[in-house]
Amino acid sequence: MSAATGNDEQAIGVLLTDDPLVVRQLGTVLAGGRHPIDWVGYGVATARGRDPLVVVVDLGRADGIELATSVRRQWPRALVAGFLALPDQALWLSGQRAGCDLVVNRGALARRLRELLGSPDGLSRRTFPLLAANDTAGRLGFVAAVPDTPVGPVAVYQIEGQLYAAADRCPHAGATLSAGVLDHTTVTCPRHGSQFDVCSGQRLRGPADDDIAVYPVVVEGGQVLLVLGQSVDREG
């Protein structure tokens, strides 16, 4: 996920804030534990013609969410980190949905960046919030439909205490699968009767010819998160 940097080329970080605490603390953040990051402004990074390793966005500024969305689109391989000076759950979730790989409070920003950049696996996972973990309590079977995610419509199911996320569009004619009947792990398309296993994605009955995608989910920070860029082991 991170931008590649050569041994002789210093990593660039784009800093979209003038918060003095953040600016001071980010001077201690290293690129992969090797060299200090060269923190520059948005225009400077663009003029240099190099993709940044990290982009830090103050989500509390008036255009913070817009900026996060813009840099995610411009630099898809960069680590986009958003921070908040004051607790705001709505902004926190908006930052995650805008494409931030990390959303933290201001005081924890530098520490979390050091952890991610220093870990071989820290930059390999990107997530998207689906719903609050509390919303799954006591729910069995179909839990929620989330129509807008980076991978398209997704339905969340809870089967025997385990959460699953499956594509919510039938590959045959595009019907919303979660509107159909769920029998244990089998969902029946409400339009033409195709059946799929929501845990494995396997097509069980046509007229659909293809399986549906299934995605790993994790529960962190009180949210059910869709893990992007990873596939579910269908044999598991």
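The values are calculated or read from the model by the stated rules, or taken from the named source; none is laboratory data. All of these numbers come straight from a predicted model, not from anything done at the bench. So basically every Cβ, Gly included, is an ideal-geometry build from the backbone, and we count neighbours across all protein chains shown. SASA here: full protein model, heavy atoms, side chains in, ligands and nucleic acids out. Shrake-Rupley method; radii C 1.70, N 1.55, O 1.52, S 1.80 Å.
Hey, among the residues in segment 22-36 that are of a type in the set (A, V, I, L, M) and surrounded by 14 or more Cβ atoms within 10 Å (Cβ to Cβ), which one's modelled with the lowest pLDDT? Talk me through it step by step, then tell me what you get.
Going through segment 22-36, the residues of a type in the set (A, V, I, L, M) turn out to be 22-23, 26, 29-31.
Okay, now just the ones that are also surrounded by 14 or more Cβ atoms within 10 Å (Cβ to Cβ), so 22, 26, 29-31.
Working: 22: 92, 26: 89, 29: 80, 30: 75, 31: 69.
Only one residue tops the list, namely 31.
Restricting segment 138-167 to residues that are in contact with a Pro (Cβ under 9 Å, 6 or more places away or on another chain) and of a type in the set (A, V, I, L, M), which is surrounded by the fewest Cβ atoms within 10 Å (Cβ to Cβ)? The residue in question is 145. Return yes or no: is residue 15 open to solvent by 20 Å² or more (accessible area, probe 1.4 Å), assigned to a strand (DSSP E or B), modelled with pLDDT of 90 or more and of a type in the set (A, V, I, L, M, F, W, C)? Spelling it out, residue 15 is indeed open to solvent by 20 Å² or more (accessible area, probe 1.4 Å), assigned to a strand (DSSP E or B), modelled with pLDDT of 90 or more and of a type in the set (A, V, I, L, M, F, W, C).
Taken over segment 168-180, the criterion of being among the aliphatic types (A, V, I, L, M) and open to solvent by 20 Å² or more (accessible area, probe 1.4 Å) is satisfied by 173, 179. Scanning segment 47-57 for residues that are touching a residue at least 12 places away in the same chain (Cβ under 8 Å) and either surrounded by fewer than 18 Cβ atoms within 10 Å (Cβ to Cβ) or in a loop (DSSP other than H, G, I, E, B) (or both) gives 48, 50, 51, 52, 53.
Taking segment 148-180 as the range and being over 17 Å from residue 96 (Cβ atoms) and part of a loop (DSSP other than H, G, I, E, B) as the test, the residues that pass are 152, 153, 160, 161, 168, 170, 171, 172, 173, 174, 175, 180. Taking the conditions exactly as written (open to solvent by less than 40 Å² (accessible area, probe 1.4 Å), over 22 Å from residue 160 (Cβ atoms) and of a type in the set (Gly, Ala, Ser)), does residue 194 satisfy them or not? Spelling it out, residue 194 is indeed open to solvent by less than 40 Å² (accessible area, probe 1.4 Å), over 22 Å from residue 160 (Cβ atoms) and of a type in the set (Gly, Ala, Ser).
Within segment 58-87, restricting attention to residues that are part of a loop (DSSP other than H, G, I, E, B) and at pLDDT below 90, the residue that is farthest from residue 225 (Cα to Cα) is 75. Residues in segment 191-232 that are among the aliphatic types (A, V, I, L, M), more than 23 Å from the chain's Cα centre (by Cα) and part of a strand (DSSP E or B): 204 alone. Among residues of segment 160-186 that are closer than 15 Å to residue 207 by Cα, those with a Cβ under 6 angstrom from a residue that is surrounded by fewer than 21 Cβ atoms within 10 Å (Cβ to Cβ) and basic (Lys, Arg), sequence gap 6+ or separate chain, pair up as 173/191; 175/191.
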